[in-house]
Amino acid sequence: MRESIHMLFGFALGALLCITFYYSLHFNEEILQALVVFNLFFVLALFPLNGSLQRKVVAMIFGNGTCFLWNTIFYQFACCAAEQTNGTFSIVYLILGPILNLFWVVSFWSLSLTFLLNSRNRGAAKIAD
Amino acid sequence: MLIEFLEAVFASVTIFMAAYLLRHYVFTVTALKNSQEKRQSYVSKNLDYTPTVSILIPARNEEKVIERVLRRMTELTYQKDKLQVIVIDDASTDATGKIAAQYSKIYNYITVLKRDKNMGGRGKASALNAGMKYATGEIVLCFDADYCPQKDIIEKLVKEFKNPKVGAVQGRVVVLNEPQNLVTRLVALERIGGYRVDQEARDSLGLITQFGGTVGGFRREVLESLGGWDENILAEDTEITFRVYLAGYRIKYVADAECYEEAVESWRAYWKQRYRWAKGHMQCAFKHSMNVLKSKKLKLIEKIDGLLLLGIYFMPVLALFSWILGIPLFVLKFSQWIPALWMIVAVSLYSAVGNFAPFYEVGVGTYIDGRTRVQWLMPLLIFTFLYNIPICTKAFFDVLASKLNGKNSNHWDKTAHSGNGNCYITNHVRILKR
């Protein structure tokens, strides 16, 4: 029950972060798609876990920031490279984009797991004391 | 027209992969829910049920590890008068037989079955069938020579046989030499996903729990009625799993019955082992897919899960196929929905092969186990998956070729064990001087 409430909160927070980022920073739709996918995955894979909501929220906000930065830089790089290569690089960007994106998402998620697990272990240690 | 057809094929393949990703998400949530609701009981129940047990240990050139498992057999807490340990020395050319014989002299419940060059070396299934002839216990358990079980593992495993519907049991495999190098750490990640989440979820959802070939066993009468292990299939464990289910029995997974294995230590050994598993699993898929579909003893959900289980080792081949198909589609014709489907291909690349456990399943497994450091290696799962693509593709074409020319060319490439896992066992006391 507690985890279901966490998930609902996570979905609401994810939607709020996407809308806030999109309207305040006016970036393109591709970065927005990446943010939506990240938030969807993050809520489904991190929020059902046993752990404090505060830590989950902190991890999610950091993740959104990383997602925005990574995709902005990668998109700018892809635009420059595509111009230099007469559009060929845009195909490479489309093919490798999701795989490279997942590389940091999986890394970030595994670090978030550790962040959450440490709080769980600390909680268990307190109870033992 | 051709492009539309290719797009449809690409869509079908990726949707198939998405079905696996969804299946494993359900497994992940189930295992997580189980871990939150109940803590595993480490106290053996039903101690009044103590059937006679025969343990089969097939061993071929295992001199570096055989002593470890035999020593553990002497330390088991199960009543020794109800225990029979049979070491099947499968035409070893090293000191395996000699070491086992030394134990056999001291402990009367340990016997050694020596197979000569003519009879031995035909694979694990053949060795197990030979050992089975001498087994007298009501329950027959199997352990590999490189394994080190918990001292009370027999009590934990046999208690499940009190239920007459249970035909076989399976315990949990944990990697012993995990800290050794990157390969052993990645294998440990695969094992966590496979046993901590996958097997546990399948068991609690009432799906097909897989017998892993070791750390488990059968009710003797069931094993005899099935005619023992199939010697023509390289994955004899998966094959017998399906025969148990098709005969109307269940396999029970016992999560707290842990056994420690020595994982492969090099990429070369990893290739050999996974090639054997992939080929054997594919042979099972060809043998049992139709039987599963036609079975009247399996529920619809079990049939679906059984077919997905049989198809696991085809996934790296399908991933390669989706690349071959998807990249030209990106270049030739760019439909709006191709990037969305491509995302599924990308996610599936971060999976552990063996059970096609996506990274979230592995990650949640490490979380439930309370493991932190090993979690950081999860992004590297992509490299093991990429490594598995040529392994499974080769296995696929070899199985296909053997089906076409009608020749069954099974070569059992045995995994060599170095005994390096010994240093990770505490209280390492040698009771026999060689």
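The values are calculated or read from the model by the stated rules, or taken from the named source; none is laboratory data. These numbers were taken from a predicted model, which means no experiment stands behind them. Reconstructed Cβ throughout: ideal geometry from the backbone, glycine too, with neighbour counts over all protein chains shown.
Before moving on, here are some points about what is shown:
- Residue within region B:181-191 that is of a type in the set (S, T, Y), touching a residue at least 24 places away in the same chain (Cβ under 8 Å), more than 23 Å from B:T384 (Cα to Cα) and assigned to a helix (DSSP H, G or I) present: no
- Looking across region A:47-65, just one residue is surrounded by 15 or more Cβ atoms within 10 Å (Cβ to Cβ) and β-branched (V, I, T), and that is A:V57.
- The listed residue being under 28 Å from B:M378 (Cβ atoms), surrounded by fewer than 20 Cβ atoms within 10 Å (Cβ to Cβ) and not hydroxyl-bearing (S, T, Y), out of B:L300, B:L325, B:L310, B:L332: B:L325
- Tabulated pairs, region A:69-80, first closer than 14 Å to A:L32 by Cα, second surrounded by fewer than 16 Cβ atoms within 10 Å (Cβ to Cβ) and modelled with pLDDT under 90, C-beta under 6 angstrom, 6+ apart or interchain: none
- Looking only at region B:346-374, and only at residues there that are among the β-branched types (V, I, T), within 11 Å of chain A (Cβ to nearest Cβ) and within 19 Å of the chain's Cα centre (by Cα), the one that is surrounded by the fewest Cβ atoms within 10 Å (Cβ to Cβ): B:T366
- From the list B:A319, B:A285, the lone residue that is among the hydrophobic types (A, V, I, L, M, F, W, C), touching a residue at least 40 places away in the same chain (Cβ under 8 Å) and either crowded, with 20+ Cβ neighbours inside 10 Å or not in a helix (DSSP H, G or I) (or both) is B:A319.
- Flag for B:L349 being out of contact with any Ser or Thr (no Cβ under 8 Å at 6 or more places or on another chain), closer than 28 Å to B:K33 by Cβ and in contact (Cβ under 8 Å) with a residue 12 or more places away in the chain: yes
- Of all residues in region B:213-263, those satisfying the criterion of being over 28 Å from B:R68 (Cβ atoms) and aliphatic (A, V, I, L, M) are B:V222, B:L226, B:I233, B:V244, B:L246, B:A247.
- Of the residues making up region B:331-343, those that are in contact (Cβ under 8 Å) with a residue 12 or more places away in the chain and at the interface with chain A (Cβ under 9 Å from one of its Cβ atoms) are B:I338, B:W342.
- Taking the conditions (1) under 19 Å from the mean Cα position of the chain (by Cα); (2) part of a helix (DSSP H, G or I); (3) among the hydrophobic types (A, V, I, L, M, F, W, C) in turn, B:M290 satisfies each one other than (1).
- Within region B:192-229, the residues that satisfy the criterion of being over 28 Å from B:L380 (Cα atoms) and among the acidic types (D, E) are B:D203, B:E221, B:E224.
Residue-by-condition table, conditions (1) among the hydroxyl-bearing types (S, T, Y); (2) assigned by TED's automatic domain parsing to the domain that holds B:P390; (3) at pLDDT below 95; (4) touching a Ser or Thr at 6+ places or on another chain (Cβ under 9 Å):
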residue: B:K296; (1), (2), (3), (4): no, no, yes, no
residue: B:F314; (1), (2), (3), (4): no, yes, yes, no
residue: B:A319; (1), (2), (3), (4): no, yes, yes, yes
residue: B:S322; (1), (2), (3), (4): yes, yes, yes, yes
residue: B:L329; (1), (2), (3), (4): no, yes, yes, yes
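- B:V175 meets all of the listed conditions (1) hydrophobic (A, V, I, L, M, F, W, C); (2) in contact (Cβ under 8 Å) with a residue 40 or more places away in the chain; (3) farther than 23 Å from B:I382 by Cβ but one, namely (3).
- When region A:86-118 is filtered for residues that are polar (S, T, N, Q) and either more than 25 Å from B:W323 (Cβ to Cβ) or surrounded by 21 or more Cβ atoms within 10 Å (Cβ to Cβ) (or both), the ones remaining, listed by number, are A:S110, A:S112, A:T114, A:N118.
- Counted residues, region B:375-398 - those being in contact with a Lys or Arg (Cβ under 7 Å, 6 or more places away or on another chain) and either surrounded by 22 or more Cβ atoms within 10 Å (Cβ to Cβ) or within 7 Å of another protein chain (Cβ to nearest Cβ) (or both): 3
- If you go through region A:25-74 and keep only what is more than 13 Å from chain B (Cβ to nearest Cβ), more than 24 Å from A:R2 (Cβ to Cβ) and among the aliphatic types (A, V, I, L, M), you end up with A:L25, A:I31, A:L32, A:L35, A:L69, A:I73.
- Residue within region B:7-17 that is in contact with a Lys or Arg (Cβ under 9 Å, 6 or more places away or on another chain) and at pLDDT below 90 present: yes
- Any hit, region B:259-266, residues being in contact (Cβ under 8 Å) with a residue 40 or more places away in the chain, under 23 Å from B:S204 (Cα atoms) and assigned by TED's automatic domain parsing to the domain that holds B:W342: no
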